[in-house]
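Shown next, in structure tokens, is the structure this report addresses.
The values are calculated or read from the model by the stated rules, or taken from the named source; none is laboratory data. All values derive from a computational prediction rather than experimental measurement. So basically every Cβ, Gly included, is an ideal-geometry build from the backbone, and we count neighbours across all protein chains shown. In case anyone asks, the SASA skips ligands and DNA or RNA and just uses the protein heavy atoms, side chains included. Shrake-Rupley method; radii C 1.70, N 1.55, O 1.52, S 1.80 Å.
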Amino acid sequence: MNSQDRKLRAVKLPKDWAPSGWRNLTALQQPTYPDAAALEGVLEELRALPPLVTSWEILALKQQLADAQEGKRFLLQGGDCAETFDACTPDVISNRLKVLLQMSLVLVHGMRKPVVRVGRFAGQYAKPRSADLETIDGVSLPSYRGDLVNAPEFTEAARVPDPRRMIKGHARSAMTMNFVRSLIDGGFADLHHPEYWNLGWVGHSPLADEYRHMVAAIGDAVRFMETLSGQEVHNLNRVDFYTSHEALLLPYEESQTRQVPRHWGWFNLSTHYPWIGMRTAALDGAHTEYFRGIRNPIAVKVGPSVEPDQLLKLMDVLNPEDEPGRLTFIHRMGARAIAEKLPPLLNAVQRDGRRVLWVCDPMHGNTEATSNGYKTRRFRNIRSELEDAFELHAAAGTRLGGVHLELTGEDVTECLGGARELTESDLERAYHSTVDPRLNYEQALEVAMLIVRKQAQIGAPSKA
Ligand code: PEP
Ligand code: MN
């Protein structure tokens, strides 16, 4: 037992819990597999495969999130809305990593605190849908639920849930993890060479100059330290990177829930930091039941219909011992609703006194459809929700400890506005997302810069 574990010995194993206990409750957003025997065979295979992450990493992340709760770190969580099996390619993976590294550099430099880097990747393959059926020209088929479940093509065969996709999803997640780990271990994140992270197509970005100045300033600081001390500054070539996904498809998550030799309790070893989506966060639902028993740090998406009392009850169930780093609430209210809906929640949790990490997702409350039929988000709404979040937390005496974003390192045109002022007609040029619109590289970097500006303007709140 390590020292962190000894400290947490007071945290008890949840009572009457088993990895399969969720099966006794209503599980929303689950596919119906046509062949029960095939499903069972797949789950047996999945239970025997090696895990994707380790309990040591999971507990290290939990400690970093505990620091973020105290304002000593800031969480940057981002990636695709839905990863796809086809996009498990070297370019997509390394470009996404580059954007996240650059954003974290902007945040570290501007906020003067370490950033906890968490990707929405290596397992973000299952999607909740508002409707069970999709209808086109009078034909209705089951909705696409992410590559872990079925395929996006609008044919009857493609939409049948196929359990073998879980094996493929596990393998794709492992390949993604493997490549990310190798890049980072190989020096890709070395602060002596931030130019490794540049993406070719951004040479002419309106933000490029500001970014380059900042990188130059960091380079100077590093060289100054090295000259002064006469030795290399260590640990600049390695950063921690963690993974997260919406743990939606419960049979899959159950199959990756394990006990390990050196830590007590159960861990979901498919990811470091799973979250419960807004549509499946009912107090008496199967997802809440599953999540209460795992030792990972966990997050819950909180939408505008959540009442203060419900949030406190979720805290009772999901973090009964008030363990540091355990519970994150990701609010996603929408630019229009945040000023009305967020303060009552912040005040209730503040009065209650137990700890959570508050994170803002300025994407999911701001989705709209354009006249030419694209699902999009306006940069100005994303910005407005994020800026309001900082203000509202400051006013409530709570702390905004991180952001949760949908973004990609590819040159997509999915969200409107930003420094290049993308318009509705630009969306046709490079719209690739199978589900929700993502920030492209420039827009993502702009978000990082505006976070820094807003934080500086607000200043550090007086109490947590
Ligand atoms: C998502 O994160 O892609 C998502 C569906 O979010 P939410 O559960 O907040 O709607
Ligand atoms: Mn999404």
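Figures for the structure shown
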read-out: FRET efficiency, 1/(1 + (r/R0)^6) with R0 25 Å, evaluated for Trp17 and Gln63 via beta carbons; value: 0.60
read-out: Under-5 Å amide H pairs with Leu357, H placed in peptide plane, nonlocal only; value: Leu327, Thr328, Phe329
read-out: Rounded to 5, percent antiparallel among DSSP beta bridges of the chain; value: 25
read-out: When the range 291-338 is reduced to its Cα atoms, the Kirkwood hydrodynamic radius in Å; value: 11.6
read-out: Computed label-point distance, nm, for sites Lys113 and His204 using a 7 Å Cα→Cβ extension; value: 3.9
read-out: Amide H within-cut-off set for Leu422, under 5 Å, with H built and near neighbours excluded; value: Gly417
read-out: Over 24 Å [Cα-Cα, the range 318-464], rounded percent; value: 36
read-out: Amide H contacts of Val116 (H built 1.01 Å from N, under 5 Å, at least 5 apart or other chain); value: Phe74, Leu75, Leu76
read-out: Scattering curve values for the range 105-206, log₁₀ I(q)/I(0), Debye with Cα scatterers, q = 0.19 Å⁻¹; value: -0.98
read-out: For the chain, diffusion coefficient by Stokes-Einstein and Kirkwood Rh (Cα), 10 °C, 1.306 mPa s, µm²/s; value: 70
read-out: Extension reserve of the Glu226-Ala38 stretch, reckoned as 0.36 nm per residue once the Cα distance is removed; value: 61.7 nm
read-out: Accessible surface, the chain, averaged per residue in Å² (probe 1.4 Å); value: 42
read-out: Relative packing of 250-261, 65-76, 215-226, which averages over residues the other C-beta atoms within 10 Å, highest first; value: 65-76, 250-261, 215-226
read-out: Where the Cα pairs of the range 222-342 fall when distances are cut into 10 Å bins, in %; value: 11, 35, 25, 13, 12, 4, 0
read-out: Carbon/sulfur fraction of accessible area - the chain, other protein chains in place, 1.4 Å, %; value: 51
read-out: Using θ = phi - 60° and Karplus 6.51 cos²θ - 1.76 cosθ + 1.60, couplings along the range 151-164 (whole Hz; Gly, Pro as x); value: 10, x, 4, 8, 10, 4, 5, 5, 8, 6, x, 10, x, 4
read-out: Hz values of 3J(HN,Hα) by residue in the range 140-148 - Karplus curve (6.51, -1.76, 1.60), Gly and Pro given as x; value: 10, 10, x, 5, 5, 10, x, 5, 6
read-out: Contact order normalised by residue count of the range 1-157, Cα under 8 Å, 6+ apart, percent; value: 20
read-out: Span per principal axis, largest first, for the Cα atoms of the range 40-153 (Å); value: 55, 38, 30
read-out: In order through the range 97-110: 3J(HN,Hα) via Karplus (6.51 cos²θ - 1.76 cosθ + 1.60), integer Hz, x for Gly, Pro; value: 5, 4, 4, 5, 5, 5, 4, 5, 5, 4, 5, 4, 5, x
read-out: Relative contact order computed over the chain (Cα-Cα under 8 Å; 6+ residues apart), in percent; value: 21
read-out: Accessible area (Å², 1.4 Å probe, nearest 10) - Trp56; value: 130
